[in-house]
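Below is one structure; the comments refer to it alone.
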Amino acid sequence: MTDQKAIVIVFNTNGMGSSDDQVLKDKLVKTYLTLLPQMQPLPVAICFYTDAVKLACDGSPVLEELSVLEAKGVRLILCQTCLNAYGLDEKVKVGLVGGMGDIMTAIWQADSVIPL
């Protein structure tokens, strides 16, 4: 039995922050996800909804960083409804496509939820 906390990170924007500057948002999320594998414990899951699902799709500037996290056992959960809304169903490159129930389950099972 482990005493490590189960952490879940939630992304709800394409990038990081509320700025209208997409270049800045991309730079911030890339830095965050590059540094995240060095943290202990790693999150058990990262959830993506609204336009944050774009981070896990073709053309995202952080596919490599997300792939590293996924390879380390971090579940990447993408909202199916959001992918449908943006027409990205066929462009997913990393993660598991799920529903809001999957995101809710991850959040409910977490000891700590970090919204970004």
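Under 19 Å of direct C-alpha separation, and excluding same-chain neighbours fewer than eight residues apart, Lys91 reaches these lysines: Lys54. Unpaired cysteine residues in the chain (no second Cys Cβ under 4.7 Å): Cys47, Cys57.
Calculated from the alpha-carbon coordinates, the stretch 7-74 shows an Rg and a Dmax of 11.3, 32 Å respectively. Given +1 at the Cβ of Lys and Arg, -1 at the Cβ of Asp and Glu and no other charges, the dipole of the chain around its Cα centre is 140 debye to the nearest 20.
Please report the base-10 log of the normalised intensity I(q)/I(0) for the chain, using a Debye sum with one equal scatterer per alpha carbon and no solvent, at each q in 0.16, 0.17, 0.21 (1/Å). At q = 0.16, 0.17, 0.21 Å⁻¹ the computed log10 ratios are -0.69, -0.78, -1.20. Rg of the Cα atoms in the stretch 53-116, relative to 2.2 N^0.38 Å, amounts to 1.11. Farthest towards the positive end of the charge dipole of the chain, among the residues Gln40, Cys82, Trp108, is the Cα of Gln40, using unit charges on the Cβ of Lys, Arg, Asp and Glu.
Note on the chain: helix-only mean residue ellipticity at 222 nm, from DSSP H runs of 4+ residues weighted -39500 (n - 2.57) and normalised by residue number, equals -10000 deg cm²/dmol.
Counting charges near Glu65 (Lys, Arg +1; Asp, Glu -1) among other residues having Cβ under 13 Å from its Cβ returns a value of +1.
In this rough spin-label picture, where each label sits 7 Å from Cα along the Cβ direction, the Thr31-Leu96 distance is 3.2 nm.
One chain, two ends: Asn12 and Thr50. Fully extended at 0.36 nm per residue, the span grows by 13.1 nm beyond their Cα-Cα distance.
Every number here is computed from the coordinates shown, using simple stated rules; none is lab data. Given the structure is predicted, the values throughout are model-derived calculations rather than measurements. Neighbour counts are summed over all protein chains in view; Cβ atoms, including those assigned to glycine, are modelled from backbone coordinates with ideal geometry.
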